[in-house]
Amino acid sequence: MSLLAATDVSVAYGGVRAVSDVSLDLAAGESLGLIGPNGAGKSSFLAALGGQVALAGGSIVFDGHEIGRMPPYRRARRGITRTFQMTSEFPRMTVFENLVTAGHGAYGASLRTVVLRRRETRRAEETVTARAWSVLDRFEMSHVADLYGAELSGGQRRLVEIMRCLMREPKVLLLDEPMVGVAPHLVEKLIADLRSIREEGIALVIVEHALEVVQELCERVVVMALGRPIASGSFEQVVSDPDVQAAYVG
Ligand SMILES: Nc1ncnc2c1ncn2[C@@H]1O[C@H](COP(=O)(O)OP(=O)(O)O)[C@@H](O)[C@H]1O
Ligand SMILES: [Mg+2]
């Protein structure tokens, strides 16, 4: 039984197909790498799973429910969520506020509603606050709780984006190039953090150019080129595949 099953998923921009009839299964707790040359459709496919682009065709079943036409916030509520590079509110809120806002699932809601502290929401408030501190503590980020998003380093930013997702207790985390902007000496820490998330039982789908990251984290790798999967297997299997090598060379 797969947790996530994409069947014949297509994405098009105008008349141009970026993703063509991609079928892919993900087991609970599995860590899947998605690689391929620029323009292969990796980000578009990830956005199709997260709900940020509309499907031009196909279906996505998650945890027994068709989610292919749901908006992102409803998918997130069910447990599938994608990290975002710098949402609009991110730089103007502190790290702590970012986490609390994500914990309320208030995508698009103003910070005011979070801060109002109506009596009926106080209990939920306390739960979310406690979770924010525990997530900060776990990733050794408590010392930046009061910094604004704009003040963070690239690596800290990536981590806060991931922590925002964890506030929702997801079953699947979709990561689009999590290592972009991360200083080389912090890449190992971020890999270790992602490994600990995986060990907790959260499934990962990782699009990443840095192949050593995929090699370290993913038990299965799918290679895409021109909107379609061209190979699938262990990291070692796919990188030695002549079709994959040809796709990278172009
Ligand atoms: N918002 C967009 N509008 C139009 N074309 C897009 C858009 N996003 C991606 N594309 C095109 O779709 C194709 C796949 O892009 P993308 O999913 O970003 O690939 P990858 O992440 O593998 O580099 C490319 O040809 C790209 O130019
Ligand atoms: Mg991309």
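Here are a few things to note about the model shown:
- Segment Arg228-Glu169, extension gain: residue separation times 0.36 nm, minus the distance between their alpha carbons: 18.2 nm
- Under a 5 Å amide H cut-off, with hydrogens placed 1.01 Å from N, Leu32 pairs with Leu204, Val205, Ile206 among residues at least 5 apart or on other chains.
- With a cut-off of 13 Å between beta carbons, the residues surrounding His143 carry a summed charge of -4, where Lys and Arg count +1 and Asp and Glu -1.
- Options Val238, Gly50, Ile197, ranked by Cα towards positive dipole end of the chain, top entry (Cβ charges): Gly50
- Dipole in debye (nearest 20) - the range 4-249, about Cα centre, beta carbon charges: Lys, Arg +1; Asp, Glu -1: 1200 debye
- Spin-label model distance (nm) - Asp243 vs Ala210, 7 Å beyond Cα toward Cβ: 2.9 nm
- With N as its number of residues, the chain has a Cα radius of gyration that, divided by 2.2 N^0.38 Å, comes to 1.02.
- Cβ crowding within 10 Å averaged over residues, with 45-54, 131-140 ranked highest first: 45-54, 131-140
- Pairwise centroid distance, computed over Cα atoms, of the range 184-210 with the range 27-50, Å: 15 Å
- The ranking of Val223, Val16 from fewest to most other beta carbons within 10 Å of each one's beta carbon is Val16, Val223.
Any read-out appearing in this document is the output of simple, stated calculations on the displayed coordinates, not a laboratory observation. Here the structure is a predicted model, which means the values were calculated and not measured. Positions of Cβ are generated from backbone atoms using ideal geometry, with glycine treated the same way; all protein chains shown enter the neighbour counts.
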